[in-house]
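Worksheet for the structure shown next.
The values are calculated or read from the model by the stated rules, or taken from the named source; none is laboratory data. Here the structure is a predicted model, which is why all the values come from computation and not from measurement. Cβ coordinates were reconstructed from backbone atoms using ideal geometry, including for glycine residues, and neighbour counts include every protein chain displayed.
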């Protein structure tokens, strides 16, 4: 009897236990929290009356400045230092959307998208890839005055800083002015650009087109390079990663001025006076570099336009030659009368236009001097040189045969320059 | 007593069954879109609403939406100031000629329902670029919009090529073209891109892609005849070897017949109207 009664109670308990439950979990629903987050981000973006200063570091390198004013109606006004015309304000659209994370999308074309444009003619990026930049960003870190964003596809980084009224008026203008100052670098006709800070000197490679700076220095007797992206600032440039060597740490170049009379730049580095000047020779020659380059042999190095002389690329007008594609530099191409020789081969497009042919080339036997130069003695030419190519080939041959020889400057894993040791005013850019 | 208690027990049990889970709550999933895609409508949105959504129920997506596109391609969004000129052109050179020939409900009923605009080209791994794609007669993606200009007739034709091509697919998927069309040319192949245009022409294919299948052949014929006009099409036919020319004429005749029988459209009149539209942009 009692058993049955208990059994009934148990049943009742078991079957009524599924009580009505409002909502899947305590608190707000996920989508409510998400849309609240989006609203909060948008509120913050439009809260700055003078907009936001921003620096974008595309995954492909370089640093680019922007000035954004986000508006309530999902439109954004921007200026940039990406090119000369980007100082003119442009209004486009943006929106906030939940992707994998709450994201800020710049969803119609603007200055920012120039970096992402897959058309190589737009800013010289890679075909089908541009500068590996982003226009869809996740919010990574947010404080009231600084918003850090990460690109959703490429992983570029962009930092937004709340702007003041003064910024709104002069941020981009100041930056454009310093980009203008640095463009005087084209007045240097020598290969080497020497940074002098007190007693410290470094060779610099300033790639203004891609906004990448490379320092060449020594650790003991070992030659090293350090490359990082930079962005222009009012008065100079800011490095993305600081350079530290020989007791010097460099995060920025400030108060940069071009001195036309002396053809040099005056600047300050961490408060100390410094100069950037052109030079005929490197600060210190890596005596093994040329020999190592030659001994590595194997695959050829490419040079799309041959020698640069006095700052003029393709000084011998190779690119104007019929069917010319590029020069190939083969180290240890072959052996002639017991002498190993290197080849500057002229690669031409074949008649069908779908393959390269090595039609002819200049052969030269290299010797290596104890001070690190490589000197070529020309053995002759191989193959048949078309009549229309003869002038350019002879000029290239004479330049290559310079009896002072060349320094081999390795600028990265995949790039190197063969720089005339005579005066540093002629060089052959190579890449692979 | 025993029985009385048992009855109470049964009663309780019955009550339990009927009341315990009686509230049929609706399955409570999200009422809010996780990925809201809304913004304050601007001048472009209003223009599209008036000219495409309201009359034709066609959505035009111009604000970049990654979900509509290949994730492994680097693409740039469209310039806002290109949207209206492009869509005006599409209306003027594709919708309007069909409407005048086939009546106002024709496009409303059969058109693809979504256009997606992309600013840059889509770069393929084999060195080619894609100018337009279409999915199942519903969605058409148009690339390289940022280079669009009404005065660049070559590019206007290239863009229309995609639209006319895809629309012709919808037409023949709705009413099939005559079977004899399939037997006019031989040599359909999936590796159509390995063969030159000259080879395609010598077999009676109007483009290289027309070689890929009879369906593609049929819609390429329609598309080329419309965008190039009678003069342009005749020039293509005359550039083909003499023995292939009758093949083009047979196909042309079947296309004209198909438009008359299936849709009661005078194809030559449509062709003329399309040409006039392109030339008077």
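Need the failing condition index for residue A:139 against (1) crowded, with 21+ Cβ neighbours inside 10 Å; (2) away from chain B (no Cβ under 14 Å); (3) modelled with pLDDT of 95 or more, just the number.
(1)
Exactly one of these conditions fails for residue A:70: (1) crowded, with 21+ Cβ neighbours inside 10 Å; (2) out of contact with any strand residue (DSSP E or B) (no Cβ under 6 Å at 6 or more places or on another chain); (3) away from chain B (no Cβ under 11 Å). Give me its number.
Residue A:70 satisfies all of (1) crowded, with 21+ Cβ neighbours inside 10 Å; (2) out of contact with any strand residue (DSSP E or B) (no Cβ under 6 Å at 6 or more places or on another chain); (3) away from chain B (no Cβ under 11 Å) except (2).
So which residues in region B:114-167 are in a loop (DSSP other than H, G, I, E, B) and surrounded by 15 or more Cβ atoms within 10 Å (Cβ to Cβ), if there are any at all?
B:118, B:119, B:120, B:121, B:131, B:137, B:143, B:144, B:148, B:150
Might you check whether a residue that is surrounded by fewer than 18 Cβ atoms within 10 Å (Cβ to Cβ) and more than 29 Å from residue A:60 (Cα to Cα) occurs anywhere in region A:221-233?
yes
Does residue A:156 satisfy being more than 9 Å from chain B (Cβ to nearest Cβ) and farther than 26 Å from residue A:207 by Cβ?
no
Yes or no, residue by residue, for (1) surrounded by 17 or more Cβ atoms within 10 Å (Cβ to Cβ); (2) more than 19 Å from residue B:136 (Cα to Cα); (3) assigned by TED's automatic domain parsing to the domain that holds residue B:223; (4) modelled with pLDDT of 95 or more:
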{"residue": "B:58", "(1), (2), (3), (4)": "yes, no, no, no"}
{"residue": "B:68", "(1), (2), (3), (4)": "no, no, no, no"}
{"residue": "B:71", "(1), (2), (3), (4)": "no, yes, no, no"}
{"residue": "B:77", "(1), (2), (3), (4)": "yes, yes, no, yes"}
{"residue": "B:84", "(1), (2), (3), (4)": "no, yes, no, yes"}
{"residue": "B:93", "(1), (2), (3), (4)": "yes, yes, no, no"}
{"residue": "B:104", "(1), (2), (3), (4)": "no, yes, no, no"}
{"residue": "B:108", "(1), (2), (3), (4)": "no, no, no, no"}
{"residue": "B:112", "(1), (2), (3), (4)": "yes, no, no, no"}
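If you go through region A:73-85, how many residues are more than 25 Å from residue A:44 (Cα to Cα) and either touching a strand residue (DSSP E or B) at 6+ places or on another chain (Cβ under 7 Å) or without any contact (Cβ under 8 Å) to a residue 12 or more places away in the chain (or both)?
Residues flagged as more than 25 Å from residue A:44 (Cα to Cα) and either touching a strand residue (DSSP E or B) at 6+ places or on another chain (Cβ under 7 Å) or without any contact (Cβ under 8 Å) to a residue 12 or more places away in the chain (or both) within region A:73-85 amount to 2.
Being in contact (Cβ under 8 Å) with a residue 60 or more places away in the chain and more than 8 Å from every other protein chain (Cβ to nearest Cβ): is that true of residue A:129 here? Give the steps one after another, and end with the answer.
On the way: in contact (Cβ under 8 Å) with a residue 60 or more places away in the chain: yes; more than 8 Å from every other protein chain (Cβ to nearest Cβ): no.
Spelling it out, it is not the case that residue A:129 is in contact (Cβ under 8 Å) with a residue 60 or more places away in the chain and more than 8 Å from every other protein chain (Cβ to nearest Cβ).
Check A:214, A:176 and return the single one that is in contact with a helix residue (DSSP H, G or I) (Cβ under 6 Å, 6 or more places away or on another chain) and buried (at least 18 other Cβ atoms within 10 Å of the Cβ).
The match here is A:176.
Of the residues A:409, A:385, only one is surrounded by 15 or more Cβ atoms within 10 Å (Cβ to Cβ), assigned by TED's automatic domain parsing to the domain that holds residue A:323, at pLDDT 90 or above and within 30 Å of residue A:284 (Cβ to Cβ); which?
Only one candidate qualifies: A:409.
Go through (1) part of a strand (DSSP E or B); (2) more than 18 Å from the chain's Cα centre (by Cα); (3) surrounded by fewer than 23 Cβ atoms within 10 Å (Cβ to Cβ) for residue A:78 and report which single condition fails.
(3)
Does residue A:206 satisfy being in contact with a helix residue (DSSP H, G or I) (Cβ under 7 Å, 6 or more places away or on another chain) and under 19 Å from residue A:310 (Cβ atoms)?
yes
Test of understanding: among A:96, A:112, A:104, which residue is in contact with a helix residue (DSSP H, G or I) (Cβ under 6 Å, 6 or more places away or on another chain) and either outside any strand (DSSP E or B) or within 14 Å of chain B (Cβ to nearest Cβ) (or both)?
Answer to the check: A:96.
Report yes if residue A:15 is farther than 26 Å from residue A:100 by Cα, surrounded by 11 or more Cβ atoms within 10 Å (Cβ to Cβ) and at pLDDT below 75, otherwise no.
yes
If you check residue B:70 against the conditions, is it in a loop (DSSP other than H, G, I, E, B), under 24 Å from residue B:276 (Cα atoms) and either within 14 Å of chain A (Cβ to nearest Cβ) or over 15 Å from the mean Cα position of the chain (by Cα) (or both)? Give the derivation first.
Details: in a loop (DSSP other than H, G, I, E, B): yes; under 24 Å from residue B:276 (Cα atoms): no; either within 14 Å of chain A (Cβ to nearest Cβ) or over 15 Å from the mean Cα position of the chain (by Cα) (or both): yes.
Judged against the criteria, residue B:70 is not a match.
Can you list the strands (runs of 3 or more DSSP E) found entirely within region A:336-411 that contain at least 1 residues being touching a residue at least 24 places away in the same chain (Cβ under 8 Å) and over 30 Å from residue A:212 (Cα atoms)?
Qualifying strands (runs of 3 or more DSSP E): A:339-349, A:356-368, A:374-383.
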